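First the structure, in the form of structure tokens, and then the observations on it.
Any read-out appearing in this document is the output of simple, stated calculations on the displayed coordinates, not a laboratory observation. Everything quoted here is computed from the prediction, not taken from an experiment. Methodologically, a virtual Cβ is constructed for each residue, glycine included, from the backbone with ideal geometry; neighbour enumeration extends over all protein chains shown.
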Amino acid sequence: MIAGTVLALAGGVGGAKLADGLAALLGGRLGVIVNTGDDFEHMGLSVSPDLDTVMYTLAGIANPETGWGIAGESWAFLDQAARLGGPSWFRLGDRDLATHVLRTERLRRGERLSAITADLCRRLGIAAHVLPMSDDPVRTVVETAEGPLAFQEYFVRRRCEVPVTGFAFAGAAEARPTEEIAAALAAADLAAIVICPSNPFVSVDPILAVPGLRPALRRRGAPIVAVSPIIGGAAVKGPAAKMMRELRLDPSALTVAEHYAGFIDGMLIDEADGSLAPRLEARGLAVRIAPTLMKTQDDRRAVARQALALARAVAARRQVP
């Protein structure tokens, strides 16, 4: 077990699963910096999909079939809204709706997203610290041949069918890291930073686009390790591999490593990609090979242990004269 505190960068279902595994091992010693580039307003409500996926997963109430939303959900509100002519393309369940209504009300009263998230997590019994990447609005825009699309328009309404040509993060230049993130980075016992197996382009890049955050993470000096979201040339869930192909990139752990070049110290890759280890090591990275597919709670803990072991190995390597 690693000593000290750990920060994880996460977004999407894969990120939430590893965050859950880390939380099972670390409890309150874990801070999860979560992508808010997916946030948007829908039917007058402030919706934070990645924050909610991480929060519901850590609380043990996430829908096990989808990875998002709440288990045992009902859809009476959405059905009635559709009957009355409202939009039904974005799934707002009845229990999930409570989160969005309360968040919206509190934001309109002037409360910070970070403070609201911390309070919701406390009420759900979550020991880990769920940290929005910024209290300032940042919105991921997907560039396509058809023109720019808001992320949820691309991801949910268009089901990722439109080929991508690039990404932009509206509002990022004006955003700032939160005081909670600053405090986590200042912790004397920060032992590791883990990039979860989240989509590099639309889950992790928005976090790193917040001015000052990427250099602050790097400058802190803790080992930074990434878990590859690509296994055997495919993404476990989501469009990461599809995006890579459309951007004329090879869907592989090598591409992920190149994307994070100069930022990460090590990478955890799946056994299916073990042959790539020498090429990753030639890039100066510490590499660990282990099963990384997370189907069960035990899998999540096992991958978390491997990621932390890799961070320990990086730290030990630095101490060798």
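Would you check which residues across the range 264-298 are in contact (Cβ under 8 Å) with a residue 40 or more places away in the chain and more than 18 Å from A222 (Cα to Cα) and list them?
Once the filter is applied, which keeps residues that are in contact (Cβ under 8 Å) with a residue 40 or more places away in the chain and more than 18 Å from A222 (Cα to Cα), the range 264-298 yields I269, D270, A272, D273, T292, L293, M294, Q297.
Check off (1) among the aliphatic types (A, V, I, L, M); (2) farther than 22 Å from F151 by Cβ; (3) surrounded by fewer than 22 Cβ atoms within 10 Å (Cβ to Cβ) for V6 and give me the number that stays unchecked.
Failing condition for V6: (3).
Would you pick out the residues in the range 252-272 that are in a helix (DSSP H, G or I), among the aliphatic types (A, V, I, L, M) and more than 18 Å from the chain's Cα centre (by Cα)?
L254, A272, listed by residue number.
Can you name the number of the only condition in (1) within 27 Å of E65 (Cβ to Cβ); (2) within 17 Å of the chain's Cα centre (by Cα); (3) hydroxyl-bearing (S, T, Y) that T178 fails?
(1)
Within the range 46-60, track down each residue that is surrounded by 16 or more Cβ atoms within 10 Å (Cβ to Cβ) and not in a helix (DSSP H, G or I).
Scanning the range 46-60 gives S46, V47, S48.
Can you name every residue in the range 240-277 that is in contact with a Phe, Trp or Tyr (Cβ under 9 Å, 6 or more places away or on another chain), over 18 Å from L9 (Cα atoms) and either crowded, with 21+ Cβ neighbours inside 10 Å or of a type in the set (S, T, N, Q) (or both)? Walk me through it before giving the result.
Looking only at the range 240-277, we keep the residues that are in contact with a Phe, Trp or Tyr (Cβ under 9 Å, 6 or more places away or on another chain), and these are 240, 243-244, 247, 259, 267.
Remaining after also requiring over 18 Å from L9 (Cα atoms): 243-244, 247.
Hits for the range 240-277 are M243, M244.
Kindly indicate whether any position in the range 82-103 is under 25 Å from L26 (Cβ atoms), surrounded by fewer than 19 Cβ atoms within 10 Å (Cβ to Cβ) and touching a helix residue (DSSP H, G or I) at 6+ places or on another chain (Cβ under 9 Å).
No, every residue in the range 82-103 fails to be under 25 Å from L26 (Cβ atoms), surrounded by fewer than 19 Cβ atoms within 10 Å (Cβ to Cβ) and touching a helix residue (DSSP H, G or I) at 6+ places or on another chain (Cβ under 9 Å).
Counting just the residues of the range 273-286 that are outside any loop (DSSP other than H, G, I, E, B) and out of contact with any strand residue (DSSP E or B) (no Cβ under 6 Å at 6 or more places or on another chain), which one comes out nearest to A234 (Cα to Cα)?
D273
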